[in-house]
Amino acid sequence: MAYSDRLEGEILRFTFRAPERGFAVARMRIADATEVTVVGPIAGLHEGQRIAAEGQWGMDAKFGKQFKVEKFLVEDPRTMRGMEKYLASALPGVGEELARRIVEHFGLDTLTVLSDSPERLAEVPGIRGKTLEKLQEQFVDGKAEQQLLIMLRGFDLPAGMAHRVVERFGKDAHSVVMRSPYRLTEVKGIGFRTADQIALGNGVQRDAPERIAAAIAFVLESCEDEGSCYLPEAVVVERVCGFDIDVAPVRAQLDQLASLGRIVRKDAMGNTTYPERERPIYRVAMDRIEANVARLMRQRVAAAPALAVDVSAAQASAGIELSEQQALAIQTALDSGLTVITGGPGTGKTTIVRVLLAAAQQRALKVALASPTGRAARRLAESCATKAGPADAKTLHRLLEFNPMDGGFVRGPEKPIEADLVLVDEASMVDLKLMESLLQALGPRARLVLVGDVDQLPSVGAGRVLGDVIASDGVPIARLTTIYRQAMESSIVRNAWRVNRGEVPVSSELEPGTARDFFVVRQEDADEARNLLLRVITERLPRLGFDPVRDVQVLTPMHGGPLGTVMLNQVLQDALNPRAGLLGGNELTVGRKVFRAGDRILQTRNDYDLDIFNGDVGRVTEVSGAGLAADFDGRSVQLSLVALESVEHAYAISIHKSQGSEYPAVVAIVHHSHFVMLRRNLLYTALTRARKFVCLVSSGRGLTTAVSRPGEDNRWTGLKQRLCDQA
């Protein structure tokens, strides 16, 4: 990267610091005695230090001109006052008065004296005994830390991350970097590749056992990030050999790790026996979780006795008339401790849930409703509303009472969920780890009902829980296959089922007797497809009564590329909320993101302090130099600069991020430039996010590819096989 500006000067004071990410805002005095504001990865610096920085000048709407530091070198203070400020801020216990006396005694040679002869501190009046020892130790440690930071920066490790290494390992940091560099992966943000670069730079051999072991651990952890629970042995070997390692030492290290119990290698699971090349290789923790989920599910099936319920009375109470298939699903759920209710759009899953709640009320059962995301939980609450108002539905993390202090759940075997029946909607989104926590938190006789569409995308986290449970036949399943008349009048529903059969969707005008709620527009060129999408949102949909910002959600398979979320969000923000537009006003730059009042934004992780969750969509109401105020479903939330690390623009979001949500109108783009991501279940999920209207912008080849590829994510999971094991 080319840096256009260079700045040298002395750090005077800090106005904002976020040590956990290395970011800070400071005032700096440059050569002509002018004070300027510098921002960037400088939180580990101290007042009085000099830096030579490279970066770019920018303008903040509220705070004015700022220098955005990209990289820097630290220099010794050059003035007496700078030396005093540096000592007072860098050495704990050294106040301004003691710093002044030290600098008065040694002058501008202070740092040289302390570096070469720290025992000379005894020359300063008042420094004796333990005070002298402590200051000597602090300076030696501080010097070692600075040298380590410089070394890590030499490996292109960002300043904030380098400081995290020092914070994590303390006095042992230098030893870890030099002797056990793969332990650096214990630091948040440092992966195997970074640690490997440092290790190789320190002389570690490419076929060293510790390097191969670290590579195996990385490969297995990475597969979980991709959604798998394990990798076949041949795939592990292939991926590890990709780090320039020969096959023989990789196989030898796998044997060694398996014999030591540091990985789990399986010859069989349930009724399935694996040949050597296909033997599953698990991390120990994931093997335990998957085995535990299978065990708890088998126990749960028989955990509660069948209930005698008058389903007809429950229908009457809910004011709903069920089909025979739906009534059977209700009875199945009441007869077992664990039941799955699955079906596509228009098959009446919501109807069944409402009658099931009425049946539970008939037996005075305490019911807990939950979904994986906040938006899905709100939809569940609204769909189960009575005359008294919406039902009480929570996210699974709220139901389990997530404790952000230790990252665990309050609810568990010692303090189970206080409910006789727990119903989880959008169950296809529940990953293996979350399912284990839920099963562990159920009371001994509580019923669990999982409701979901198995044809949608699986969970973001590891596992394919709903799909594996249904495929195993080890749990009672209620399958809904009948599409009801009202639903069949919707082209959205008809096309969702069409995609599921591997057929290309068609526009409403080609289906007489259906609502005009689905349109397919073709464009082969990526740039022209983006322009077409823009015209649909800014011109056509407003004529149909949809507000482009409030009602319309653009969905795309990818983040990168000409039709990914990054590019589309830039284009849509400029079109729908331009800098000088009606919605605009102040703007705030955070990294490469520019936020303006009126922007549509997406929360990308659960934030329990702010009560906003991964997938929640809000709208910016106010911008300041300290962060944003945003409206999330009628509730105002203050987002600090740190919190904004987990916020993206939401004019366009990935289809994966849309899971569990519904929008009045969806504009989905499926193009051959998305080739690597295109799957049937991806397109199916996109279409079923819309309540009233879908416009599908596509290339012919992209659409054909999407519907022709079965909806599999090539995940390696073992829950199905384990559930078949009745031992």
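Roll a 1.4 Å probe over the protein chains and send me the accessible area per residue for the stretch 418-514 in Å².
Value returned for the stretch 418-514: 37 Å² of accessible area per residue.
For A304, enumerate residues with amide H under 5 Å from its amide H, sequence gap 5+ or separate chain, H modeled in the peptide plane.
Long-range HN contacts for A304: G337.
Separation between the R592 and E321 pseudo-spin-labels, each 7 Å from Cα along Cα→Cβ, expressed in nm?
About 5.8 nm separates the two model spin labels.
Could you please state how large a percent of the accessible area of the stretch 190-345 is carbon and sulfur, counting protein chains only and using a 1.4 Å probe? Could you put the intermediate results ahead of the total?
Values: 3220 of 6810 Å².
With neighbouring chains kept in place, the figure for the stretch 190-345 is 47 percent.
Rolling a 1.4 Å sphere over the protein heavy atoms, what is the accessible area per residue of the stretch 341-414, to the nearest Å²?
Values: 3460 Å² over 74 residues.
Accessible area per residue, the stretch 341-414: 47 Å².
What does the net charge come to around I263 if you take all other residues with beta carbon closer than 9 Å to its beta carbon, with K and R at +1 and D and E at -1?
Charge balance in the 9 Å sphere: +2.
May I ask you to compute the full-extension gain from L12 to A515, defined as 0.36 nm times their residue separation minus their alpha-carbon distance, rounded to one decimal in nm?
174.4 nm
Keeping the other protein chains in place, figure out the carbon and sulfur percent of the accessible area of the stretch 620-727, with a 1.4 Å probe.
Roughly 49 percent, rounded to a whole number.
For the stretch 557-710, state the semi-axes of the equivalent ellipsoid (square roots of 5 times the eigenvalues of the alpha-carbon gyration tensor), sorted largest first and rounded to whole angstrom.
Working: eigenvalues 171, 55, 37 Å².
Semi-axes from the Cα gyration tensor: 29, 17, 14 Å.
In nm, to one decimal, how far is the N531 label point from the E278 one, both placed 7 Å along Cα→Cβ?
Going from the N531 label point to the E278 one covers 5.1 nm.
For the chain, what proportion of DSSP beta bridges, expressed in % and rounded to the nearest 5, is antiparallel? Write down the numbers at each step before the final one.
Values: 64 of 105 bridges.
Percent antiparallel among DSSP bridges in the chain is about 60.
Name the residue from V642, Y684, I669 whose Cα lies farthest towards the positive end of the charge dipole of the stretch 618-691, charges +1 on Cβ of Lys and Arg and -1 on Cβ of Asp and Glu.
Most positive-ward Cα: Y684.
Hey, for a label at S180 modelled as a point 7 Å past Cα toward Cβ, could you say which residues of the stretch 209-233 have their backbone N under 18 Å away?
209-218
Find which of V520, L400, S508 sits farthest along the positive direction of the dipole of the chain, computed with +1 on the beta-carbon of Lys and Arg, -1 on that of Asp and Glu, about the Cα centre.
Sorting the options by dipole projection puts first S508.
So, for the stretch 220-340, what is the accessible surface per residue at a probe of 1.4 Å, expressed in square angstrom?
On the way: 5530 Å² over 121 residues.
Result: 46 Å² per residue.
Rounded to the nearest 20 Debye, what is the dipole magnitude of the chain about its Cα centre when Lys and Arg each give +1 and Asp and Glu each give -1 at the C-beta?
Taking the Cα centre of the chain as origin, the dipole is about 1080 debye.
Measuring from centroid to centroid over Cα atoms, what is the spacing of the stretch 451-469 and the stretch 505-525 in Å?
29
How big is the charge dipole of the stretch 296-354 about its Cα centre, in debye rounded to the nearest 20, if each Lys and Arg gets +1 on its Cβ and each Asp and Glu gets -1 on its Cβ?
Rounded to the nearest 20 debye, it is 300 debye.
Applying the Karplus parametrisation 6.51 cos²θ - 1.76 cosθ + 1.60 with θ = phi - 60° to the phi angles of the stretch 45-57, what ³J(HN,Hα) value in whole Hz is obtained for each residue in order, glycine and proline being reported as x?
Once rounded to whole Hz, the list reads 7, 10, 4, x, 6, 9, 9, 10, 10, 10, x, 9, 7.
Hey, if we sort T386, T110 by accessible area with the 1.4 Å probe, largest down, what's the order?
Numbers: T386 95, T110 0 Å².
Highest to lowest solvent-accessible surface, that is T386, T110.
Counting only residues 5 or more places away or on other chains, whose amide H sits under 5 Å from the amide H of F409 once H atoms are built in the peptide plane?
So F409 has HN proximity to N403.
Quick one: which residues, 5+ away or cross-chain, put their amide H under 5 Å from the amide H of F16? H built at 1.01 Å from N.
V25
Give or take rounding to whole Å, what are the principal axis extents of the alpha carbon atoms in the chain, in descending order?
Projected onto its principal axes, the Cα set of the chain covers 94, 65, 52 Å.
When the accessible area of the stretch 369-463 is split by element with a 1.4 Å probe, what percent falls to carbon and sulfur?
Looking at the stretch 369-463 in its full context, I get 50 percent from C and S.
Using alpha carbon centroids, what distance separates the stretch 185-261 and the stretch 639-666, in Å?
When both Cα centres are located, 34 Å separates them.
What FRET efficiency, computed as 1/(1 + (r/R0)^6) with R0 = 45 Å and r the Cβ-Cβ distance, is obtained for D172 and E401, rounded to the nearest 0.05?
Efficiency computed from Cβ-Cβ geometry: 0.80.
Quick check: residue separation of R81 and E35 times 0.36 nm, minus the Cα distance between them. What number comes out in nm?
15.0 nm
Regarding the stretch 423-519, what is the average projected area of its C-alpha convex hull, in nm²?
Dividing the Cα hull surface by four gives the mean projection, 8.0 nm².
What whole-number distance in Å separates the alpha-carbon centres of the stretch 281-304 and the stretch 337-381?
Cα centres, the stretch 281-304 to the stretch 337-381: 24 Å.
Compute the long axis of helix 96-106 from its Cα atoms, compare it with the longest principal axis of the Cα atoms of the chain, and write down the angle in degrees, 0 to 90, nearest 10.
Helix 96-106 sits at roughly 40 degrees to that axis.
Whole number please: convex hull volume per residue of the Cα set in the stretch 589-651, in Å³?
That works out to 74 Å³ per residue.
Quick one: putting +1 on the C-beta of Lys and Arg, -1 on the C-beta of Asp and Glu, what dipole do you get for the stretch 228-340 around its Cα centre, in Debye to the nearest 20?
The dipole of the stretch 228-340 has a size of about 480 debye.
How far, in nm, would the chain grow between K71 and S507 when pulled straight, counting 0.36 nm per residue and subtracting the alpha carbon separation?
Gain on extension, K71 to S507, equals 151.7 nm.
The values are calculated or read from the model by the stated rules, or taken from the named source; none is laboratory data. Note that the structure is predicted; figures quoted are calculated from it, not measured. Ideal geometry is used to build each Cβ from the backbone, glycine not excepted, and the neighbour counts take in all protein chains shown. We work out accessible area using only protein heavy atoms, side chains counted, and drop any ligands, DNA or RNA first. Shrake-Rupley method; radii C 1.70, N 1.55, O 1.52, S 1.80 Å.
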